[in-house]
1. Would the stretch 201-214 turn up any residue that is surrounded by 13 or more Cβ atoms within 10 Å (Cβ to Cβ) and either of a type in the set (Lys, Arg) or at pLDDT below 90 (or both)?
2. Do any residues in the stretch 206-219 that are in the same structural domain as Arg143 (by TED's automatic domain parsing) have Cβ atoms under 7 Å from those of residues that are among the charged types (D, E, K, R) and assigned to a helix (DSSP H, G or I), where the two are at least six apart or on different chains, and which pairs are they?
3. List, please: which pairs have Cβ atoms under 8 Å, are six or more places apart or on different chains, and start with a residue in the stretch 193-204 that is in the same structural domain as Arg147 (by TED's automatic domain parsing) and touching a residue at least 40 places away in the same chain (Cβ under 8 Å) and end with one that is surrounded by 14 or more Cβ atoms within 10 Å (Cβ to Cβ) and among the charged types (D, E, K, R)?
4. Any residue that is closer than 30 Å to Asn186 by Cα and of a type in the set (S, T, N, Q) - is there at least one of those in the stretch 76-99?
Amino acid sequence: MKFSQLPILAINTIAVIFLAPAIAFSQPERPNRLQPNLTEAQKQQMQSLRASTRNQINTVLTPTQKTQLESAIKSGTRPQAAMQALNLSEDQKSKMRVIRESIKTQRQALLTPEQRQQLEKSRANRPNLNLSEDQRQKMQALRQNTRQKISAILTPEQKAQFDQAKGQNKNEQGKRRGDRNMASLNLTDDQKAQIKTIREASKQEVQAILTPTQLQELQKMREQRGNRQDK
């Protein structure tokens, strides 16, 4: 995976880490629940803006940081956690803020007043877990541990097939994509049982990390995701 092909979510996550939350317009082929109905001209302008932003960020990161970011996201690490692990210097953080403000202004200029209102309404209605730094670290460690356990169950051929399926099903999101990818592996009954046990244990650990209020917000997120996938 080349840096120029990294999801725009990774770019906008920089703003999440250092500034107020930013709206992540995803790649054209991956629907974004926060993205208003854009015209074809707007979609092309957004695509150009994303390319310009990637180029700007590309000049801020060192070669080592680019490689680290690419490797982390390719392995399944969430963009926010991947960016946090880069240990950006104060100068880099300052430059990222400038980039963020620039793309925010340009992006807003591309939208009509009605689209901006729609976007703000979507953001206001979006559930938010508001994880603490300690919770973020625990969740990241849990995700990595779960991936490693499942990977240990798969054969080399299944791992290769799974990686290929992830690329083919990248338009889908969340659990549906994961389930489809796993279904393509022709798992044995023993493997299915082991993976089910791992997932149940992971679910219990998530519940132990989150507060009751956060668990309610998480359930809302899952319900919204299910509704979008059923449409």
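The values are calculated or read from the model by the stated rules, or taken from the named source; none is laboratory data. Just so we're clear, the structure is a prediction, and the values are computed from it rather than from any experiment. Reconstructed Cβ throughout: ideal geometry from the backbone, glycine too, with neighbour counts over all protein chains shown.
1. Within the stretch 201-214, one or more residues are surrounded by 13 or more Cβ atoms within 10 Å (Cβ to Cβ) and either of a type in the set (Lys, Arg) or at pLDDT below 90 (or both).
2. Partner pairs satisfying both residue conditions: Ile209/Lys138.
3. Qualifying pairs under 8 Å: Ile198/Lys149.
4. Yes - at least one qualifying residue is present in the stretch 76-99.
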